[in-house]
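Input: a single structure, listed below in structure tokens.
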Amino acid sequence: MPTILKTTLTALTLFSLFSCASRLTPQQGIPEISLAGYQSLINEKTQRTEVYEGISNILTIQATWLDSQVTDGALSHTARLAQWNEQTYKDEREKRINENAESTRFFVSFFTPEKKYSDLARLKSLWKVFLEVNGQRYEGKAVRVKQSLSEIQVMYPFHNRWSTPYIITFPIATALVENKAATLTFTGAYASTQLHFGK
């Protein structure tokens, strides 16, 4: 299938999903968030950095801090799209609360023109990822997101087919670091860059 046709079909699929999302209503007992409200929240919690070598882009990273506010918004957004009942919502929320009690997570859309350098999840990755907050530094662990492009874009509209999606987890409870100034550092022999969050 030609690339332009694939792109058009993906765009139409996303348009249909977002159109349906605006008409769907949440089930009773599930907090409501509008599509525009969710997208605004994701924009607010997302930072972007680019690294150039001369005029060539060698690295683009976009990262969303999955703090408690984003977690709650994402659950409400997903609940509306999937038409969860109240019990399913409560079960999923409990899982996220438990995750946040043990860790701080970021969704990362990671692009390099050289695919071999997009290896954050490998045991012997070329990269180290650190979160610096409250004067402490934590090393992250990356896991590649296995969902389809369309599924990821419904949650993170900025992600694209040329980037690799990851969840990066740090061993510090979300409540201890959210709403504070934080720096996310990606460093390795290929390049180094930082994203700044919070105050």
Selection from F186, S56, V129 lying farthest towards where the dipole of the chain points positive, charges on Cβ: S56
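Excluding P165 itself, what net charge comes from residues whose Cβ is under 12 Å from its Cβ, given Lys and Arg +1 and Asp and Glu -1?
+2
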Set K45/K115; K115/K180; K141/K180; K90/K180; K90/K128; K124/K180 screened for pairs whose C-alpha atoms are more than 24 Å apart: K45/K115; K115/K180; K90/K180; K90/K128; K124/K180
Burial order of peptide ranges 164-172, 28-36 (average beta-carbon count within 10 Å, highest first): 164-172, 28-36
Estimated [θ] at 222 nm from DSSP helical runs (n ≥ 4, -39500 (n - 2.57)) normalised by residues in the chain, nearest 500: -11500 deg cm²/dmol
Loop-located GluC sites (Glu not before Pro) in the stretch 61-141 whose Cβ has at most 11 other Cβ within 10 Å (DSSP): E114
For Cα extents along the principal axes in Å, calculated from these coordinates, the label among (i) 51, 48, 30; (ii) 44, 38, 33; (iii) 39, 39, 38: (i)
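With +1 assigned to the C-beta of every Lys and Arg and -1 to the C-beta of every Asp and Glu, and no other charges, what is the dipole magnitude of the chain about the Cα centre in debye, to the nearest 20?
460
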Solvent-accessible heavy-atom area per residue, rounded to whole Å², over the chain at 1.4 Å: 56
Apportionment of accessible area to carbon and sulfur, the chain, percent (1.4 Å): 52
Sequence-separation-based contact order of the chain, relative, with Cα cut under 8 Å and 6+ spacing, percent: 23
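The values are calculated or read from the model by the stated rules, or taken from the named source; none is laboratory data. This structure is a prediction, so every number in the text was calculated from the model and none was measured. Counting neighbours? That spans all protein chains shown, and the Cβs are built from the backbone with ideal geometry, glycine included. Areas reflect the complete protein model, heavy atoms only, side chains present, ligands, DNA and RNA absent. Shrake-Rupley method; radii C 1.70, N 1.55, O 1.52, S 1.80 Å.
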